[in-house]
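Quick notes on the structure that follows.
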Amino acid sequence: MALSVNDYLKNNIRTVPDWTVAGVQFRDITPLLQNPRVFRVLIDAFVHRYMAPSMRPDVVAGLDARGFILGAVVAYELNVGFVPIRKKGKLPFTTVEETYELEYGTATVELHTDAVKPGQRVLLIDDLIATGGTMMAGMKLLEKLGAEVIEGAAIVDLPELGGSQKLLEAGLPLFTLVNFEGH
């Protein structure tokens, strides 16, 4: 029996128990990147979606750090620009920043002030949606600069952690390839 793209990808994600803390089931996407066939299926799943004229972005924005891998390749395949949203202190030019809550504390991400232009359609991409904080911060940064975030995309959604629901409630359409119940 042939697997769907989603099942094929899910079967190639490694689960590492008790990492980074006891009780966490860490969803490791590196096997998706290591196998050239699997990596192509992964990228094609995103590219085919965003080739449609109604879904086509002007720019792809990737969230630090695994969103850089996916976003850069997707942007290349779509023949659009790529912009990185980085952790605070990593970008050399003038930036805007957004701070968000973590389980224990806060984090800040930044974007160059000239990364996007008002009215540009932006695809925001990361590897995984957990609590949604990073993607929400990325969306707010892009919107501060006047961009329209057309969709948030990720390989994995961990719906039990509530991030995808929070993002949807904030008005961000989402596209994910694999859901893992339990975290």
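For this structure, a couple of remarks:
- Tyr76 open to solvent by 50 Å² or more (accessible area, probe 1.4 Å), in a helix (DSSP H, G or I), aromatic (Phe, Trp, Tyr) and at pLDDT 95 or above: yes
- Contact map, the stretch 58-74: residues that are closer than 18 Å to Ala137 by Cα paired with residues that are acidic (Asp, Glu), Cβ distance under 8 Å, separation 6+ or inter-chain. Pairs shown: Gly62/Asp126; Leu63/Asp126; Arg66/Asp126; Arg66/Asp127; Gly67/Asp126; Gly67/Asp127.
- In summary, Pro92 fulfils each of the numbered conditions (1) in contact with a His (Cβ under 9 Å, 6 or more places away or on another chain); (2) crowded, with 19+ Cβ neighbours inside 10 Å with the single exception of condition (2).
Okay, residues lined up against (1) among the β-branched types (Val, Ile, Thr); (2) at pLDDT below 95; (3) in a loop (DSSP other than H, G, I, E, B):
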position	(1), (2), (3)
Asp126	no, no, no
Val149	yes, no, no
Ala153	no, no, no
Gly171	no, no, yes
Val178	yes, no, no
Glu181	no, yes, yes
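- The residues of the stretch 156-182 that are of a type in the set (Phe, Trp, Tyr) and open to solvent by 30 Å² or more (accessible area, probe 1.4 Å) amount to a single one, Phe175.
- Identity of the residue in the stretch 16-43, in a helix (DSSP H, G or I) and touching a residue at least 24 places away in the same chain (Cβ under 8 Å), that ends up nearest to Asp114 (Cα to Cα): Ile43
- Scanning the stretch 1-39 for residues that are among the basic types (Lys, Arg) and either more than 17 Å from the chain's Cα centre (by Cα) or open to solvent by less than 50 Å² (accessible area, probe 1.4 Å) (or both), we see that the one that is nearest to Val156 (Cα to Cα) is Arg27.
The values are calculated or read from the model by the stated rules, or taken from the named source; none is laboratory data. Note that the coordinates shown come from a computational prediction; the quantities given were computed from them, not determined experimentally. Virtual Cβ from ideal backbone geometry, glycine too; neighbours counted across all protein chains shown. Surface areas here come from the heavy atoms of the whole protein model, side chains and all, with no ligands, DNA or RNA. Shrake-Rupley method; radii C 1.70, N 1.55, O 1.52, S 1.80 Å.
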